[in-house]
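The values are calculated or read from the model by the stated rules, or taken from the named source; none is laboratory data. This structure is a prediction, so every number in the text was calculated from the model and none was measured. Ideal geometry is used to build each Cβ from the backbone, glycine not excepted, and the neighbour counts take in all protein chains shown. In case anyone asks, the SASA skips ligands and DNA or RNA and just uses the protein heavy atoms, side chains included. Shrake-Rupley method; radii C 1.70, N 1.55, O 1.52, S 1.80 Å.
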Amino acid sequence: MRSIRAAAVGAVTLSLALAASACGGGSSTGGGSNDSPKTLTYWASNQGASIEVDKKVLQPELDRFEKQTGIKVKLEVVPWSDLLNRILTATTSGQGPDVLNIGNTWSASLQATGALLPWDAENFAKIGGRDRFVDSALGSTGAEGKDPSAVPLYSMAYALYYNKKMFADAGIAQPPATWANLAADGKKLSKDGKWGLGAEGSNPSENIHHVFVFAQQHGADFFTAEGKPDFTSDGVVTAVKQYVDLMAKDKVIAPGNAEYAQNQSVSDFAKGKTAMLLWQSASANLKSQGMSEDDYGIAPVPVQSGTPGTGAQVNSMVAGINLAVFKNTDNLDGATKFVKFMTSDAEQKILNTAYSSIPPVKAAQADSAFNTPANAVLKDTLAKSAAALPQVADESQFETAVGTAVKGLFADAAAGRAVTTDLVKAALDKAQQQMPAA
């Protein structure tokens, strides 16, 4: 899922009062009986540097679909800070769009609501078959053993982006391969009002992606094999502390980043305020903010030791966006045609080029346009050293609870309070208590 997603509050059993306030009306009645069979409502997630950027990317493609099929698509680009609540509102009220983007990590949670169309063999056949998609992308489309709740649209992986000039000026010859290297380099780079690394401490979703990877590197997970929350194991506590310590102990992240939310760390990197950025498929975002591709390098995210690989050398979550259909749409045929269009080889090339992401469709991914040096790092990561977040029914609640706990720990670090192991464990224990009862 795209890391610019901010926190979404609530669970599948969200109260209708909260749901109503989160929804706010507007074009959120795409599944209603008054819709024209020649009209679809599409909620797209914010992938670009701004909502306006997304509209410029998507509208020509929606116009192309209308020209081909006669079906008009009403587009709404929904900020990540609102998206999960808006979707949960739609699952409880029945008033949602026909087609929508979901972060791939939410697939199992939203699948559990029963509101999304299952992509069984018959439905996959309507869009060219399941085997068109790469396995890693299909692995984040719902609970194991069940028909997917969505189909892959964009695939992404985290990478380390670094400012070449700032590295050269600091006498650093190559990007860090381990976290110890990153901390050491970051200290050399944190001077004259500039900082070694950017972060978004107030963005729970960004937090959860990073601490998940740290936990994997420490041989830990946030859930047991039976799917029960396990937020306070030694490995998880160590992982969360290590991430927050980049600000609290190593002091390579500016204290002000504790208040940063969606896209602010990318903006700082583009402006030369920070020397390094950990981000998903950032090239298009950086370009839209005026940064030349010649100004930065791209390397794998660091690991504890050695090089990225399998097992404890995981250095990214399997990131991406899935395309889902609400079961109660009055235009299932049109919605299916739209999914087929958006996942067609031609559209996959156009859209994933625009967002510097990787097509999850095999034929499009093999296109020479995606064999750039930047994409080589991302594709290699997805193939060899990325892990999917837990595909469990309570996954979205987990992201919110733990991501918010890390947000609080960053606030402690920024205020100069000691981020001790006991403090981290207490914050994670509180997050676990917020999870739904078994």
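Does A335 count as in a helix (DSSP H, G or I), of a type in the set (A, V, I, L, M, F, W, C) and open to solvent by 40 Å² or more (accessible area, probe 1.4 Å)? No, not satisfied. K430 satisfies every condition listed in (1) under 23 Å from the mean Cα position of the chain (by Cα); (2) closer than 18 Å to V240 by Cα; (3) in a helix (DSSP H, G or I) except (1).
On the stretch given as region 357-400, residues that are of a type in the set (D, E), assigned to a loop (DSSP other than H, G, I, E, B) and either more than 18 Å from the chain's Cα centre (by Cα) or surrounded by 23 or more Cβ atoms within 10 Å (Cβ to Cβ) (or both) total 1. Is it the case that region 153-171 has a residue that's open to solvent by less than 40 Å² (accessible area, probe 1.4 Å), more than 25 Å from D295 (Cα to Cα), of a type outside the set (D, E, K, R) and under 18 Å from the mean Cα position of the chain (by Cα)? So far as region 153-171 goes, yes, one or more of its residues are open to solvent by less than 40 Å² (accessible area, probe 1.4 Å), more than 25 Å from D295 (Cα to Cα), of a type outside the set (D, E, K, R) and under 18 Å from the mean Cα position of the chain (by Cα). Consider A261 carefully, then state whether it is closer than 19 Å to A414 by Cβ, among the aliphatic types (A, V, I, L, M) and either at pLDDT 95 or above or not in a loop (DSSP other than H, G, I, E, B) (or both). No.
Only residues that are within 21 Å of the chain's Cα centre (by Cα), in a helix (DSSP H, G or I) and surrounded by fewer than 21 Cβ atoms within 10 Å (Cβ to Cβ) were counted in region 269-296, giving 3. Scanning region 388-438 for residues that are hydrophobic (A, V, I, L, M, F, W, C), more than 28 Å from S136 (Cβ to Cβ) and modelled with pLDDT under 95 turns up A437, A438. In summary, G142 fulfils each of the numbered conditions (1) at positive phi; (2) surrounded by fewer than 21 Cβ atoms within 10 Å (Cβ to Cβ) with the single exception of condition (2). From the residues in region 62-94 that are free of Cβ contacts under 8 Å to residues at least 12 places away in the same chain and acidic (D, E), which one is farthest from E206 (Cα to Cα)? The extreme case among them is E66.
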